[in-house]
1. Only one of H115, H107, H126 is open to solvent by 30 Å² or more (accessible area, probe 1.4 Å), within 20 Å of Q196 (Cβ to Cβ) and modelled with pLDDT of 95 or more. Can you tell me which?
2. Which one of A313, A230, A293, A266 is open to solvent by less than 70 Å² (accessible area, probe 1.4 Å) and touching a helix residue (DSSP H, G or I) at 6+ places or on another chain (Cβ under 8 Å)?
3. List the number of the failed condition for T221; all other conditions in (1) among the β-branched types (V, I, T); (2) open to solvent by 10 Å² or more (accessible area, probe 1.4 Å); (3) more than 12 Å from the ligand (Cβ to nearest atom) hold.
4. Cβ-Cβ below 9 Å, separation at least six or inter-chain, first residue in the stretch 58-72 and of a type in the set (G, A, S), second surrounded by 16 or more Cβ atoms within 10 Å (Cβ to Cβ) and in a helix (DSSP H, G or I): which pairs?
5. Is there a residue in the stretch 143-150 that is touching a residue at least 24 places away in the same chain (Cβ under 8 Å), within 26 Å of D66 (Cα to Cα) and open to solvent by less than 40 Å² (accessible area, probe 1.4 Å)?
6. For the stretch 67-104, enumerate the residues that are out of contact with any Ser or Thr (no Cβ under 9 Å at 6 or more places or on another chain), farther than 22 Å from G175 by Cβ and open to solvent by less than 50 Å² (accessible area, probe 1.4 Å).
7. Considering only the stretch 235-263, state which residues are of a type in the set (D, E, K, R), open to solvent by 20 Å² or more (accessible area, probe 1.4 Å), touching a residue at least 12 places away in the same chain (Cβ under 8 Å) and under 18 Å from G21 (Cα atoms).
8. Just one of (1) open to solvent by 40 Å² or more (accessible area, probe 1.4 Å); (2) out of contact with any Phe, Trp or Tyr (no Cβ under 7 Å at 6 or more places or on another chain); (3) touching a residue at least 40 places away in the same chain (Cβ under 8 Å) trips up A163, so point out which.
Amino acid sequence: MITGASSGVGLFAAKALVDRGWHVVMACRDTDKARRAQAALGMADGAVTHLKVDLADLDSVRALVDAFHATGRPLDALVCNAAVYLPRLKHPERSPQGYEISMATNHFGHFLLIHLLLEDLKRSSHPSRRLVILGTVTANSKELGGKIPIPAPADLGDLSGFAAGFKAPIAMASGKSFKPGKAYKDSKLCNMITTQELHRRLHDSTGIVFTSLYPGCVADTPLFRHTPRAFQTIFPWFQKNITGGYVSQALAGERVAQVTADPDFAVSGVHWSWGNRQTKGGKQFSQELSEKASNPVTAQRMWDYSMQLVGLA
Ligand code: NDP
């Protein structure tokens, strides 16, 4: 199952997995769009199942799990890919449960989905069951891209925003003032913390391989549709010609498929990267994560608050 497979990295990951012979559940908020995207990339109808989900809505996540169970299919791998990036919001948008929308979509929706599907992953007879979460360089302060203070580096602070229930007027995990670009980075930091904590808690007892990855800078996906027009032109050019960080959607999707399916990536607890400057034939490596992403005490607190906020505790 891949969330957010109607465009960008998730769509091309679906294609790369179908090409490897997998059946892919495309879990998308707009299933008509997903069907059109599937057809445009030439994926056969029999190779995919379309299920609807709005990850920002915890009730919709629960409905997705029911719909998946109704298919009777086993779950061999789950790829948590869907995300929104809304850097120009003046005021926080709210999910149906009242949470800030980037955190609700990118973290809480996936956090609940993972918990509701863990038993399915445990039950699967696949020899290498995997749970893969898309991370990013801008939420990892071990890397240059994670240190950029525009609008601020990812930082969950003391998690007092989560502790206080994360509803209006609270919009940031730290409880501090709303910065939409940082809300995205914070949610991706939560994604990477979740992977690390899943690995610590569950890898030994379940054998499931828990990994995250940075696929490279896929600067021309619809993720950037809410940035200024000039940025949408300059950013891909800059990444292609100046930083060398640009990765095509097809290559990013292939990388997600590798992490999901290929034997070389069956190492739990790893955050995979191909670096920030792409080289032809460049190899994957285990990218060190920041203290903020790897500290087990922070992880345990984030986990406990997230369990409460998604209604599991
Ligand atoms: P896209 O915008 O192309 O894809 C995002 C997907 O998420 C779309 O299918 C979108 O659906 C879906 N989605 C958004 N909101 C919801 C929701 N509420 N419920 C269900 N699905 C939703 O972006 P990318 O392909 O670039 O991003 C994919 C992942 O890769 C993200 O996790 C991102 O953080 C990560 N990433 C991207 C990088 C990049 O440079 N692009 C770099 C590093 C990581 P819809 O089609 O309906 O909008």
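The values are calculated or read from the model by the stated rules, or taken from the named source; none is laboratory data. Only a predicted model underlies this, so the values are computations on that prediction, with no experimental measurement involved. Positions of Cβ are backbone-derived with ideal geometry, glycine not excepted, and every protein chain shown enters the neighbour counts. Heads up: the accessible areas ignore ligands, DNA and RNA and are worked out on the full protein's heavy atoms, side chains in. Shrake-Rupley method; radii C 1.70, N 1.55, O 1.52, S 1.80 Å.
1. Going through H115, H107, H126 in turn, just one is open to solvent by 30 Å² or more (accessible area, probe 1.4 Å), within 20 Å of Q196 (Cβ to Cβ) and modelled with pLDDT of 95 or more: H115.
2. Checking each option against the conditions leaves just A293.
3. Exception for T221: condition (3).
4. S60/G109
5. No: zero hits.
6. Matches in the stretch 67-104: A67 only.
7. E254
8. (2)
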